[in-house]
Amino acid sequence: MSESISPDVTVDSRGAACPGPLMDLIGKVQDAEPGTVIKLQTSDSGSKGDVPEWVEEAGHDLLDTVEHDDYWSLYVEKTR
Amino acid sequence: MTGYAIVLASGELERVQAVSMIGSIAAASETPVQVFATMNGLTAFEKETVETGDFEVAGPAGYAMLESDGDEVPLFTEQLERAKNLGPLEVYACEMVMDLMDNEIDDYVDVFDGSLGVSGFLQKASDKQVLFV
């Protein structure tokens, strides 16, 4: 499915440990308009689990998580 | 409960980093956070300590963080500065320790919103959940 999602913004947080990727994402989400799709790239396995927790708590949508060789792409839509 | 009041009384790098991470994410998620740095927790913020990287370290996680050199895990000072731009995060220095160490607010890295005594802190903490670290 992920191939069909085209993000408006890509955030490359590969190499950063928790909570770096989440902070990067939050910064982008705050600046974006509702409806914006953000692709967050992270190589931190903790963030792969923690980011979706935040997305749910904050009321946004996790559209998909795609595993690559040494990182993950998380697609997040800002809903409000 | 409308947020967290975190008392940071330890200067151990592991604890200071944990406070900055938890406080930062909470604030960035729109939960008000007040950090009250006291005792050795305030010493960790002295400019000289931060510049030399001469932190108290309790064990292996702390050494690993020091060795990562800020590439993977940003230092608490950067973390807090960044989080203050993202959400309601305030950091206060303990007046008693400042007096004791003969320091001014300018002797600390620039993340503080001011200094507070115990009653000032308790007043700010009155509607918050207090975490003591």
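The values are calculated or read from the model by the stated rules, or taken from the named source; none is laboratory data. The shown structure was predicted, so the numbers you read here are calculated from the model rather than taken from an experiment. When we count neighbours, we look across all protein chains shown, and the Cβ atoms used for this are built from the backbone with ideal geometry, even at glycine. The area values use the complete protein model at the heavy-atom level, side chains included, leaving out ligands, DNA and RNA. Shrake-Rupley method; radii C 1.70, N 1.55, O 1.52, S 1.80 Å.
Inspect segment A:38-47 for any residue being touching a strand residue (DSSP E or B) at 6+ places or on another chain (Cβ under 6 Å), surrounded by fewer than 21 Cβ atoms within 10 Å (Cβ to Cβ), farther than 17 Å from B:Ala28 by Cα and polar (S, T, N, Q) and give the result as yes or no.
yes
For segment B:5-66, which fully contained helices (runs of 4 or more DSSP H) count at least 2 residues that are open to solvent by 20 Å² or more (accessible area, probe 1.4 Å) and within 14 Å of another protein chain (Cβ to nearest Cβ)? Full working, then the answer.
Values: elements: B:13-28, B:39-43, B:47-52.
Where helices (runs of 4 or more DSSP H) fall fully within segment B:5-66 and carry at least 2 residues being open to solvent by 20 Å² or more (accessible area, probe 1.4 Å) and within 14 Å of another protein chain (Cβ to nearest Cβ), they are B:13-28.
Where residues in segment A:1-54 are basic (Lys, Arg) and part of a helix (DSSP H, G or I), which of them is nearest to the other protein chains (Cβ to nearest Cβ)? Quick ask: steps written out before the conclusion?
To start, the set of residues in segment A:1-54 that are basic (Lys, Arg) comprises A:14, A:28, A:39, A:48.
Narrowing the set further to residues that are part of a helix (DSSP H, G or I) leaves A:28, A:48.
Numbers: A:Lys28: 11, A:Lys48: 15 Å.
Applying the filter and picking the extreme gives A:Lys28.
Would you check if B:Val109 is among the aliphatic types (A, V, I, L, M), in contact (Cβ under 8 Å) with a residue 60 or more places away in the chain and over 27 Å from B:Thr2 (Cβ atoms)?
Numbers: among the aliphatic types (A, V, I, L, M): yes; in contact (Cβ under 8 Å) with a residue 60 or more places away in the chain: yes; over 27 Å from B:Thr2 (Cβ atoms): yes.
Yes; evaluated as a whole, the condition is true for this residue.
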